[in-house]
Every structure is written in C-alpha cells, then in structure tokens.
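Since every read-out is calculated from the coordinates, none of them should be taken as a lab result. On a predicted model such as this, the values are computed, not experimentally measured, just so you know.
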Amino acid sequence: MILLNFGQKLRDIQFEQFTSLTFLKITEQIMLPIETSTEEDFHKKLNSMFAKVKLSDEELQRERYVIVPPPHSVVAIKIIGDLYQRTKLFPYVIQTASSVFGMSSGPMVVEVLDLEKMFSTIDDTKNRPV
C-alpha cells in the first residue's frame, strides 16, 4: 500500500504498528508537505504535488491508499474529498498520538480508520427498506 503522508514522517516502528492494527503492509511512503492556506485551489495544488512525485490518478485508483492527514482539520477534509474525487475510494487514515512517556521514536499509531468501510456502511443504511 502507498502511504500519502501530509503530516509527520513515519518510521519503521509506526509501519509495524499499522500492520499490527490492519494486517496490511505499507510498501511506500510519499511525503507531501502541504501548507494550511485555505485560499488556494487545493485540486490544483494537489495536482502539482502529485506531478512532482509522479503519482497519477490512475496509480491512485489501482489500490487503496493510506494517508497521514495534516494537522489542520479543514485541510485534511479537503484532501480526503479531493482524493475521493480522483479515485472514487476513501483512504485508510492513520491517527497518531505523541508517546505518553516521551521515550518513543516519533508518534504512535493509535488508530486506523477505514473510511471506505465506514461510508459504505452509511450507504447501506440509506438503502434499507422502511
């Protein structure tokens, strides 16, 4: 799986935490630092970012992907929406937290949200007969 990282770079220990939570393996981490300006057209900004790393919409559509969202929630929502428009799939989203004891090698992966599964469940409830 490809990790599109808009936040803090993950290390091997975080990849292991992801695998233990999901039984999936991240094969590539692509760092995509993004500024939190809400004035710019994010679709154009993401187009230029993906062009720099040579990641096309077709490549994103081949398999599910994982994201580490940026810390700013509005920017994160815009990114998820833009990626959904490109791929027609929702990503896995890694939620991280700082180590309580301060002796870790970066943030801990505390949860992985499967947005595709979450939203398909919502769609299923809308289609149920009353």
Give me, ordered by chain and number, the residues 5 or more places off Gln29 or on other chains with an amide H under 5 Å from its own placed amide H. Leu3
Residues whose placed amide H lies under 5 Å from that of Ile67, excluding near-sequence neighbours: Leu4, Tyr92, Val93, Ile94
Using the Karplus equation 6.51 cos²θ - 1.76 cosθ + 1.60 (θ = phi - 60°), what ³J(HN,Hα) coupling, rounded to whole Hz, does each residue of the stretch 54-65 give in order, writing x for Gly and Pro? 6, 10, 8, 4, 5, 5, 5, 7, 5, 8, 4, 10
